[in-house]
Each structure stands twice: as C-alpha cells, then as structure tokens.
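To keep things clear, I will list the structure first and then write my remarks on it.
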Amino acid sequence: MSPDHIVHIFRRVLNTPEVNASSDFFELGGDSLLATRVLSAIARDFGTELSYDDFVENPSPEGLFAKVAVVVP
Amino acid sequence: MRVVVVGAGLAGLTTAVDLVAEGAEVTVLEARDRVGGRMHGIPMSASVVADGGAAYLGVQHTELLALLREHGLGVASTAMAGDSTFLVSDRRTTTASRVPPLDAVALGDLFDRLEDVVAQVRPDAPWESPQAERLDRLTAAQWLADEVKHPDAQTFFPLFIGELMAADPAAISVLHMAFYLHSGGGIRYLNAFEGGAQQWRIDGGAHLLCEALAERLGDRVRLRHPVCAIDQDADEVVVQCVPNVQTARSEYRADRVVVAVPPLLAQGIEFRPALRAPRATAATGRGCAVKVHLAYPAPIWREQGLSGWSVSAHGPLLSTVDDSPPDQSAGVLTGFVTGAAASAFSALSSDEQRDAALAHTRRLFPQLPPPTQCSVTDWLAEKYSRGCYAALFGPGDWLRLGPTLTEPHGRVHWAGTETSLEFFGLMEGAIRSGQRVATELIHGAEPAAASRKVMAR
C-alpha cells in the first residue's frame, strides 16, 4: 500500500483524474460528505479508521497515508 | 382549445402561462385564497418575508433560473461562514465542519451504500429498474438495518432522509428513496448548499415567482374554487367546484383539464368515468415537514462565530439554517422539523409547538436572546397541500403508480412536481411538469407517446 492507493480513492470519489499525491481534497471540490467516503474506503482497504479531524488536518493522499502509517506502523 | 387547470401552484401556473402563450382559453381553479401552493411567504418584519415552503435552488435548476430571469427576480446566496452547532448524544458541540460528531467511517459506509442503491435505479422509469420489485417492497428503514449496522449510521440516516426528503425512512420504499436522490441530481448535489441544490434562495421569497406568473394570467385565476369532481364524455369535460357562497360559478366546461395538485389531493377528486389507475394509494404519504421561523434584530449568531447551521439527533428542530436577508436588516433562523418528528410535532397545540421550538433553540444557541417572532408553518395540517416537500411513495407505490404517472385519463392530464421524473419534489420538477403537459396538450394527438418522449429526455 502506498499514497498512490489513496490517489485512486480520491479519483473515484471526486470523479476526476486530476489528483496527485499532494492534491488538497477540498481544493479539488471535495466536501465533508465525500470526505467520509474517502475515510470509509481507507478503513476498508488499509484496516485503519481515521477520524474526520484527521482528514481535515491532512487532506492530501500523502498526508492521509502518513496518518495511516502512524496508526498502523 | 378551452383548458381548465386545477391548482395554482408552480406547476399549474407554468402550465397556464405556456398554454395562454399558445392561444388556449385557460381558467385556473385554486382552492385557497392565494396562489403558490407549497411556495408561501411568511412575513417576519415590515420588509422581510421568509419561505414557509419551498425555498432553495441550484445551478442544475435551469428552468427555474430561466423563469426567474424572465420575471426580473433575483437569487440570494445561502453561503455560510462560521461554525456548525450539533446536539448529538445530549452534548452540544460546535465545529468548523458540517459533519456531525459521529463516526466518520460509519457515515462514509452509509453514503457508499446509498450511492450503490441510487446507481441501481433507472431514472427514466424507476419501476423498470433491475430488482424494482424487491426495492419497492422494502422500506428504507429495513434496507438500512440490513446494510449498515453501525449505531452512528442508524442515528444519522433518519436525519439525512428527513432533511433531504422530509420523510420517515420507515414510511418510504427504498426504490422511492433511491429514485428521489437520483432525480434531484445525486446525493451530494441534493445535500450541498454551495455547489448544490441549496446554493441560493429566491430573493424576497419563492412565492414572488408564483405571484408574478399569476399576475400575467390576471382574472383567469379563480381563487377559493376547490374542485370536487371531474366529469367527461366524448365531447367535453365538466369540472365541479365545491358550492360556496363566495363562488359565483361552480361548474366549468372545457376541452381538456390539467390536474396540477399533489397526488393525495388528486386522488380525493371524484372522476366520472372513474380513474383506471390511482394517483395515490393507502401507502402514499404526506411529505413530513414543518418549518419554524425565528426572527432576531440581526443575525447575531454570526458575531459569535456561528453559521446558524445546526443538526440535532432529536427533535423538534432537527436542523436549523440561517435564512437572513442579504442586507442583514434582520436575522432569520429557519428550523426544520421533518420525518417522524414532524408527525409528532404536528399533533401538538400551537402553544406547545412554540414552547418546544423555543426550548430547543435555547439548547442550541444559549447565547441568543429570545426571538422577536416565532412562526410555525405546519404542512402536514394544510388541507390543500397535504404535506411538503412532496408526496412520499410508500412500499408498492412505484410499481403501482409509476407507469401511469403522466398518462392522461381521457381529457384529463396530469402535472405537479410528483409527475416529473426530473427533480421530483422540487420547484424545478413542478416547472418541468407544467411545460411537459402544456406541450402534450398543444401537440395533442398522441399524449401518451409525448409523455414517454419527455420522460426519456
């Protein structure tokens, strides 16, 4: 698993190809409802449940991946 | 062509204006002493009017936006700044996000499952969706119990469906829920303020549009004319009104009739010969919405860093939103009582409703002074609407009612937001239904084929 996996989750949820590892979810038009869908996908794929606050503080694929890596070393 | 339109809501008025433009001789019969139906202005001060019923629109509502432009009406942004307020698990919290303090992963799971079921619906013919029979039989509440077990999803789901559809999940089919969410532009669009279906309000009040349309129609609109029966034979159709001392005439003859009232009211009209297919069944419910408007000297919550947006896990005010006028000449908070909470609230006396709403507001916003005015608009109790936002299709309804939603009954044609597969339940759906039925009458030969064409658009 890598930040790329979260890039794919962003692309699917936001329905846009224009996502890279440092993209800000909210700048790409994401909102809180869609953010919860990213969190549920991360929970399914990584087995890690992040909170909404985690998401807001780290709203990019690499930021969220770092958070996942911290929770599950 | 002589046409009688039953109902001076947005659908009926749109129908009438379009038909008059084509040279038809039109009479609009309206039961109330006002036009607008589920669009109704509630005076909050000398210069401020709140929307008692339909209020919001977004960029996808293209026909509504065009009609507003045509009548010189503007829109006011609903953009919010400041923190949201939540009353969940008996705790009050304020946060920057609009997501309630519930397990975000559970909510994401819920939205994923909702997306899946919405994707299963055929928007042009929900009754022909794969698995339509199963989805039509199951209530939304039963569906949730099977799909998402997390208690936080169970807490959130009725709030979400209440907010978006004014429905109790136990009273609607999954097919209706999925169709409604699809028809309105998708879950995210229907839920969003900025970039969604609540991007704007109509400046000055949504009722202004109906009043502008009615003004164009002049004395073709007859108020206080509740229709009770529609008779037809090979030559013409006769519309009977409830006899009334103020009503000069109680019988109107025409070539065609357009019934533009909600399905529960259409079902209450006596048709001779009788309808071949019903307009509503015992499972069809009233949209469960009560709006509470609270007036303040100014939107003072903003000074406290709050947006006025709130969500509560328990009623009566399941959500509140800042509906203050753009010039901030007054503060208006709108409280939404929806779904099962609306049924309970509607059963209270007016004093009890007011006390409960004010007590809830004190818990949500303890810093605010008491409002200068508290108005309750109870759509469940409205004889000539029977609910708001829109009729709720219960288990079995889509398979029974769907295939004949727009099919004329001889000389009787159908309009109303509940006959529009696009933006069902919204002002946009009402307008599109009026345009569709006007086209059907003008190009009259094959109404059934015409309605199929419009539905597949």
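The values are calculated or read from the model by the stated rules, or taken from the named source; none is laboratory data. Source: prediction; values computed, not measured. When we count neighbours, we look across all protein chains shown, and the Cβ atoms used for this are built from the backbone with ideal geometry, even at glycine.
Sort out which residues of the stretch B:285-314 are touching a Cys at 6+ places or on another chain (Cβ under 6 Å) and part of a loop (DSSP other than H, G, I, E, B), and write them in order of number.
Within the stretch B:285-314, just B:Gly287 meets the criteria.
Name the one entry in B:Ala274, B:Ala229, B:Ala295, B:Ala289 that is modelled with pLDDT of 95 or more, of a type in the set (Gly, Ala, Ser), closer than 29 Å to B:Leu318 by Cβ and surrounded by fewer than 22 Cβ atoms within 10 Å (Cβ to Cβ).
B:Ala295
For the stretch A:27-46: of the residues being within 11 Å of another protein chain (Cβ to nearest Cβ) and surrounded by fewer than 17 Cβ atoms within 10 Å (Cβ to Cβ), which is farthest from B:Glu194 (Cα to Cα)?
Ranking the candidates gives A:Arg44 first.
If you go through the stretch B:64-104, how many residues are hydrophobic (A, V, I, L, M, F, W, C), in contact with a helix residue (DSSP H, G or I) (Cβ under 7 Å, 6 or more places away or on another chain) and without any contact (Cβ under 8 Å) to a residue 24 or more places away in the chain?
Looking only at that region, the number is 2.
Just need a number here: residues in the stretch A:17-43 that are over 11 Å from A:Val7 (Cα atoms), in a loop (DSSP other than H, G, I, E, B) and either without any contact (Cβ under 8 Å) to a residue 24 or more places away in the chain or in contact with a Phe, Trp or Tyr (Cβ under 7 Å, 6 or more places away or on another chain) (or both).
Result for the stretch A:17-43: 4.
Quick check on this structure: which one of B:Ala197, B:Ala214, B:Ala178, B:Ala153 is in contact (Cβ under 8 Å) with a residue 40 or more places away in the chain and either surrounded by fewer than 21 Cβ atoms within 10 Å (Cβ to Cβ) or part of a loop (DSSP other than H, G, I, E, B) (or both)?
B:Ala197
Enumerate the pairs (first residue in the stretch B:29-48 and on the phi > 0 side of the Ramachandran plot; second residue anywhere and polar (S, T, N, Q) and in a loop (DSSP other than H, G, I, E, B)) with beta-carbon separation below 9 Å, excluding pairs fewer than 6 apart on the same chain, so at least 6 apart or on different chains.
Qualifying pairs under 9 Å: B:Gly37/B:Ser385.
Of the numbered conditions (1) in a helix (DSSP H, G or I); (2) of a type outside the set (D, E, K, R); (3) in contact (Cβ under 8 Å) with a residue 24 or more places away in the chain, A:Val56 fails exactly one; give the number of that condition.
Among (1) in a helix (DSSP H, G or I); (2) of a type outside the set (D, E, K, R); (3) in contact (Cβ under 8 Å) with a residue 24 or more places away in the chain, A:Val56 violates only (3).
So A:Pro17 fits all but one of (1) within 14 Å of another protein chain (Cβ to nearest Cβ); (2) in contact with a Lys or Arg (Cβ under 8 Å, 6 or more places away or on another chain); (3) surrounded by fewer than 21 Cβ atoms within 10 Å (Cβ to Cβ); what number is the exception?
(1)
Select, from B:Gly402, B:Gly425, the only residue that is touching a residue at least 24 places away in the same chain (Cβ under 8 Å), surrounded by fewer than 24 Cβ atoms within 10 Å (Cβ to Cβ) and assigned by TED's automatic domain parsing to the domain that holds B:Ala254.
Working: B:Gly425 fails: surrounded by fewer than 24 Cβ atoms within 10 Å (Cβ to Cβ).
B:Gly402 is the lone residue from the list that is touching a residue at least 24 places away in the same chain (Cβ under 8 Å), surrounded by fewer than 24 Cβ atoms within 10 Å (Cβ to Cβ) and assigned by TED's automatic domain parsing to the domain that holds B:Ala254.
Which of the residues spanning the stretch B:315-341 are assigned to a strand (DSSP E or B) and farther than 20 Å from B:Ile202 by Cα?
B:Ser319, B:Val337, B:Thr338
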